[in-house]
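Here it is: the structure, laid out below.
The values are calculated or read from the model by the stated rules, or taken from the named source; none is laboratory data. A quick note: this is a predicted structure, and the numbers were derived from the prediction, not measured. Neighbour counts are summed over all protein chains in view; Cβ atoms, including those assigned to glycine, are modelled from backbone coordinates with ideal geometry. To get the accessible areas, we keep the full protein, side chains included, count just its heavy atoms, and leave off ligands, DNA and RNA. Shrake-Rupley method; radii C 1.70, N 1.55, O 1.52, S 1.80 Å.
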Amino acid sequence: MAIPQARNLRWSLDFVTDTLISGRRFRILTLVDDFTRECLGLVVDTSLTGLRVARELDRIAELRGYPGMIVSDNGTELTSNAILTWQQQRGVEWHYIAPGKPMQNGFIESFNGRLRDECLNEHLFVSLKRRARSSKNGGPTTTQTDRTRASTGSHQTSSQHAPSRGKPGTDSPYERGQIGEQVIPVLSRSGVMP
C-alpha cells in the first residue's frame, strides 16, 4: 500500500489490550493519521463495540474531517454492521488487511508498540475512573508532536519530551481517563514531565 501524500487521506486503527491491577481487562482504541503519524485518538474502555467505534470516529471527524480511507484488521467490531453502515453513509473507504499480516498496518502497529513500551509496560493501573489531565499552561500535551516532527524531517530533538520511565506506583506522567475518555500523557510548559 502506498504511503499517503497528505494528511487525512488515510487513517489506521487497532486495539490494544491490557489489565488493571484487579485483573479486569480493558481495551484501547488507537487511531493514527498515516501521513503525519499523529495520534488522533486513544479511547479506553472495558468494551468497545462497532457502534462505539463509529461514534468515536464521528467525534474525531468533527474536529478534523473524514478521511479518504481507514485501514484496520478484520476483527468483529470492525466488520460489524455498525461500521459497514458508517463507512457507506460517510463515503469513507475501509481497507481490511489480510488475516495474520499486522505489518500491512505498520503505522498503527509501530504506534501501539511505543504505547505499550512507554506507558502500559511501565505503569500499573488501578481503575479507569480517574479523570484525564490536560496541560493548562498552553504547552504541548503529548509526546506525539515530536514523533510527527521526526517523521516529517524536522531536526528538532525529541529527548526533552520523552516520557520518564518511572517505577509502578510512582507519580505517572500518564493519567487514566474516565470510561470513554482519552488517555492523555501530560507535559509541563517546559516540555518536561511534571
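In whole angstrom, note down how far apart the Cα centers of segment 108-130 and segment 23-99 are.
Each part's Cα centre sits 19 Å from the other's.
Counting only C-alpha contacts under 8 Å and six or more residues apart, can you give the relative contact order of segment 4-43 as a whole percent?
This gives 40 percent for segment 4-43.
For HIS95 and THR17, what does the FRET efficiency come to when R0 = 35 Å and r is the distance between their Cβ atoms, rounded to the nearest 0.05?
Efficiency computed from Cβ-Cβ geometry: 0.95.
For segment 60-70, in order, what is each residue's ³J(HN,Hα) by Karplus, 6.51 cos²θ - 1.76 cosθ + 1.60 with θ = phi - 60°, in whole Hz (x at glycine and Pro)?
Values per residue, Gly and Pro as x: 5, 5, 4, 8, 10, x, 7, x, x, 8, 10 Hz.
Where a ≥ b ≥ c are the square roots of the eigenvalues of the C-alpha gyration tensor, would you call segment 25-113 rounded, which needs a/c under 1.5, or, failing that, prolate if a/b is larger than b/c, or oblate?
The shape class here is rounded.
Right, next: Considering amide H positions built from the backbone, and no H for Pro or chain starts, which residues 5 or more places from PHE26, or on another chain, come under 5 Å of its amide H?
Amide H neighbours of PHE26, under 5 Å, 5+ apart: ASP18, THR19, LEU20.
At 1.4 Å probe radius, can you tell me the per residue accessible area of segment 8-139 in Å²? Please report the intermediate quantities before stating the final value.
On the way: 6560 Å² over 132 residues.
In whole numbers, segment 8-139 has 50 Å² accessible per residue.
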